[in-house]
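Asker: Take a look at the following structure, please.
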Amino acid sequence: MRTSLQRWQSLWQRLGLTTDGAAWHARLMTAYSEPQRADHTLQHLEECLLCLDEAKKTGLMAQPDLIEMALWFHDAVYDPQGSENEELSAKMALDAGAGGEVARLIMLTKSHLPGDGADDAWIIDIDLAIFAQPMGRVLEYEQQIRAEYAWVPQAVYAEKRAEILTIFLNRQQIYLTGWARERFEVRARENLRLLIDSVKPFTP
């Protein structure tokens, strides 16, 4: 498993962090297993790390270890009814000693819009890679998102979810790196169209 303690400790050592790495790994494992989560779980983290490992083969990332650390922490705090999940996750990374750049990268997963950092596009593309997975996985993902928002009435959820998915579909480019566009863009657009049709509210 890519979320293993062994992998985490190796990353911790490469970054020269001095806090208790094993304790932070245990804390993250507990966080990603919280009962309010259905999508923002270890499954999502595993998939992000798999995508990272594939993307690293390009040799185009400036600081892949910082991207990886940001991915580990990017959903460390997740409350479906909260509005500061990314901010609190970034703070947790700072508390762990991961540094300001890791915190900044985490914040990019809120807007999915890049700043001026050399690796900004990479973490955004990795977080959005779910849209380009086989349709069975995409449908599972959509069910997981709905489960996290089970407290929202169906009509409201359908309207708001369709709006969010349409924002991604209407981007000139969903993916920002050439690597991700080549691999993901066409399938993601097909999947997003199907998802939007499946969730948008019925109008007679």
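Asker: Six or more apart or on different chains, Cβ under 8 Å: which pairs go from a residue in segment 164-175 that's more than 15 Å from ALA129 (Cβ to Cβ) to one that's at pLDDT below 95? Could you list them?
Answerer: Pairs that qualify, where the first residue is more than 15 Å from ALA129 (Cβ to Cβ) and the partner is at pLDDT below 95, are LEU165/VAL199.
Asker: Can you tell me how many residues in segment 11-33 are hydroxyl-bearing (Ser, Thr, Tyr) and under 18 Å from the mean Cα position of the chain (by Cα)?
Answerer: Of the residues in segment 11-33, the ones hydroxyl-bearing (Ser, Thr, Tyr) are 18-19, 30, 32-33.
Restricting the remaining residues to those that are under 18 Å from the mean Cα position of the chain (by Cα) gives 30, 32-33.
Number of matching residues: 3.
Asker: Still on this structure, I have one more. Consider segment 142-172. How many of its residues are among the hydroxyl-bearing types (Ser, Thr, Tyr) and in contact with a Leu (Cβ under 9 Å, 6 or more places away or on another chain)? Before you say what the answer is, go through the steps one by one.
Answerer: At the first step, the residues of segment 142-172 found to be among the hydroxyl-bearing types (Ser, Thr, Tyr) are 149, 157, 166.
Next, only the ones that are in contact with a Leu (Cβ under 9 Å, 6 or more places away or on another chain) stay: 166.
Matching residues across segment 142-172 total 1.
Asker: Name the pairs: first residue in segment 106-131 and β-branched (Val, Ile, Thr) and buried (at least 16 other Cβ atoms within 10 Å of the Cβ), second residue modelled with pLDDT under 95 and part of a helix (DSSP H, G or I), Cβ to Cβ under 7 Å, at least 6 apart or on different chains?
Answerer: Going by the 7 Å Cβ cut-off, there are no qualifying pairs.
Asker: Which of the helices (runs of 4 or more DSSP H) contained wholly in segment 1-74 include at least 3 residues that are exposed (fewer than 15 other Cβ atoms within 10 Å of the Cβ) and among the aliphatic types (A, V, I, L, M)?
Answerer: Details: elements: 5-14, 21-31, 42-56, 64-73.
Correct list: 21-31.
Asker: Here's a follow-up. Considering segment 1-19 alone, what residues qualify as being out of contact with any helix residue (DSSP H, G or I) (no Cβ under 9 Å at 6 or more places or on another chain) and of a type outside the set (Gly, Ala, Ser)?
Answerer: Passing the criteria: GLN6, THR18.
Asker: Next question. Select from segment 93-105 the residues that are out of contact with any helix residue (DSSP H, G or I) (no Cβ under 6 Å at 6 or more places or on another chain) and part of a helix (DSSP H, G or I) and write down the one among them that is surrounded by the fewest Cβ atoms within 10 Å (Cβ to Cβ). Before the answer, list the steps.
Answerer: Within segment 93-105, the subset out of contact with any helix residue (DSSP H, G or I) (no Cβ under 6 Å at 6 or more places or on another chain) is 95, 97, 99-100, 104.
Imposing the further condition that a residue be part of a helix (DSSP H, G or I) reduces the set to 95, 100, 104.
Working: ASP95: 13, GLY100: 10, ARG104: 17.
Filtering first and then ranking leaves GLY100.
Asker: Still on this model: Which of the residues spanning segment 136-155 are at pLDDT 95 or above, aliphatic (A, V, I, L, M) and loosely packed, with under 15 Cβ neighbours inside 10 Å?
Answerer: Once the filter is applied, which keeps residues that are at pLDDT 95 or above, aliphatic (A, V, I, L, M) and loosely packed, with under 15 Cβ neighbours inside 10 Å, segment 136-155 yields ALA147, ALA150.
Asker: Taking interchain pairs and intrachain pairs at least six residues apart, which have beta carbon atoms under 7 angstrom, with the first residue in segment 93-105 and under 19 Å from ALA22 (Cβ atoms) and the second β-branched (Val, Ile, Thr) and in a helix (DSSP H, G or I)?
Answerer: ALA93/VAL102; ALA93/ILE106
Asker: As an exercise: evaluate ALA180 against (1) surrounded by 15 or more Cβ atoms within 10 Å (Cβ to Cβ); (2) in contact (Cβ under 8 Å) with a residue 60 or more places away in the chain; (3) of a type outside the set (Lys, Arg); (4) not in a helix (DSSP H, G or I) and give the number of the one condition it does not meet.
Answerer: With (1) surrounded by 15 or more Cβ atoms within 10 Å (Cβ to Cβ); (2) in contact (Cβ under 8 Å) with a residue 60 or more places away in the chain; (3) of a type outside the set (Lys, Arg); (4) not in a helix (DSSP H, G or I) applied to ALA180, the lone miss is (4).
The values are calculated or read from the model by the stated rules, or taken from the named source; none is laboratory data. Since the model is a prediction, treat every value here as computed from it, not as a measurement. Reconstructed Cβ throughout: ideal geometry from the backbone, glycine too, with neighbour counts over all protein chains shown.
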